[in-house]
Amino acid sequence: AHDGEWDAVVDTWSAAPRPVRDAARLLRDRAGRYVYVSTCSVYAWAPPAGYTEEAPLVEGADADADRTDYARDKLGGELAATGAFGSDRALLVRSGLILGRYENMGRLPWWLNRIARGGPVLAPGPRDLPLQYVDVRDLAGWILGAVEQELSGPYNLMSPQGHATMGTLLDACVRATGADAELRWTDPQVVLDAGIEPWSELPVWIPPGSEGHDALHGADVSRAVAAGLRCRPVTETVADTWSWLRGIGGSVPRRPDLPPVGLDPAVEAKVLGL
């Protein structure tokens, strides 16, 4: 739009920082606040468990850059937003794993569809492995509240540690689908020894004690919680995702630029000794 004024702009762009820079410059005199939905991937790998917004960031990011890699591009977007709106009017939402209705990555939908097929299911342990994620509706609600509060600067944005575990997530999938599925909890080392890739072949799961688990499921989100973050129960996120998935025929409208997720049934059967 060439005219008009807005209270806030929410930008979710994930590729080259340059479009963020251009949009922010065009809007800086016509919008009160620029919200950039960033990612916890902007932290230098691998941030330790309990990392806050003060943790070191990746190097080499540039607000003027063409597309490079995901982490530097998202940090470049942060720099672009702050460069145009200033640190007092740019809000940087460093989200973690985002789940819920309309997910186009296929992670939770894969688990739901797999469990809906029933039978023995390879459940990567331990059962009480803590997970961090954010329901997209809670993310959106927090952003609106943050705009009303005129917040700025970076916020880690995902559920508090302990909000969910691998067990509560998969139990919720069994309950939502009503499937005759048997979760067979499997030691992490057995999973890894089988050559199964965490996160991609077994979505959401990253073995305990690994750098990846600390980075993706170990953030300190106390700043966002103090600013109003409220996360709905995992059972609600899972049930609503299943309802949406059934409504579209079960097939996820997955992003074409991303590799598929999920485990080959033959590999699963072999690990389970079937």
Per the C-alpha gyration tensor (a ≥ b ≥ c, the square roots of its eigenvalues), segment 51-135 is rounded if a/c is under 1.5, else prolate if a/b beats b/c, else oblate; here it's prolate
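Using R₀ = 22 Å, calculate the FRET efficiency as 1/(1 + (r/R₀)^6) where r is the Cβ-Cβ separation of Asp64 and Arg30; round to 0.05.
Result of the calculation: an efficiency of 0.50.
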Cα shape, segment 195-274, gyration tensor, a/c 1.5 rule:
oblate
For Ala164, distant residues with modelled amide H under 5 Å away:
Leu131
Distances over 17 Å make up what percent of all Cα-Cα pairs in segment 85-178?
59
The answer for the net charge of residues other than Leu202 whose Cβ lies under 12 angstrom from its Cβ, with Lys and Arg +1 and Asp and Glu -1, is -2
Spelling out what I want: for every residue of segment 77-89, take phi, set θ = phi - 60°, compute 6.51 cos²θ - 1.76 cosθ + 1.60 (Karplus), and round to whole Hz; glycine and proline get x.
x, 4, 4, 5, 5, 5, x, 8, 9, x, 5, 8, 10
Summed residue charge, Cβ within 12 Å of Ala55's Cβ, Lys/Arg positive, Asp/Glu negative:
-3
List every residue whose amide H lies under 5 Å from the amide H of Val35, counting only residues 5 or more places away in sequence or on a different chain, with H placed 1.01 Å from N in the peptide plane.
Val9, Val10, Asp11, Leu91
HN-Hα J couplings of segment 60-69 from phi, Karplus 6.51/-1.76/1.60, θ = phi - 60°, integer Hz, Gly and Pro as x?
x, 6, 8, 5, 9, 6, 7, 4, 10, 10
Other residues with Cβ under 14 Å from the Cβ of Arg137 give, with Lys and Arg +1 and Asp and Glu -1, a net charge of -2
Could you give each residue of segment 48-54 its phi-based ³J(HN,Hα) in whole Hz, using Karplus coefficients 6.51, -1.76, 1.60 with θ = phi - 60°, and x for Gly or Pro?
x, 4, x, 5, 9, 5, 8
Per the Cauchy relation, a quarter of the hull surface: what is the mean projected area of the convex hull of the alpha carbons in segment 1-156, in nm²?
11.2
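Rounded to the nearest 0.05, what FRET efficiency do Ser87 and Ala269 have when you use their Cβ-Cβ distance and R0 = 41 Å?
0.15
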Identify which of Ile98, Ile248, Ile115 has the largest mean-square fluctuation in a Gaussian network model of the chain, with springs joining Cα atoms closer than 10 Å.
Ile248
How large is the helix-only mean residue ellipticity at 222 nm for the chain, computed as the sum of -39500 (n - 2.57) over DSSP H runs with n ≥ 4, divided by its residue count, in deg cm²/dmol to the nearest 500?
-10500 deg cm²/dmol
What FRET efficiency do you get for Asp187 and Arg232 if R0 is 22 Å and r is their Cβ-Cβ distance, rounded to the nearest 0.05?
0.10
Between segment 129-198 and segment 1-68, the Cα center-to-center distance that results, in Å
24
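Once you have a ≥ b ≥ c as the square roots of the Cα gyration tensor eigenvalues for segment 105-233, tell me rounded if a/c is under 1.5, and otherwise prolate or oblate according to whether a/b is larger than b/c.
Here segment 105-233 falls in the prolate category.
Any read-out appearing in this document is the output of simple, stated calculations on the displayed coordinates, not a laboratory observation. Given the structure is predicted, the values throughout are model-derived calculations rather than measurements. Ideal geometry is used to build each Cβ from the backbone, glycine not excepted, and the neighbour counts take in all protein chains shown.
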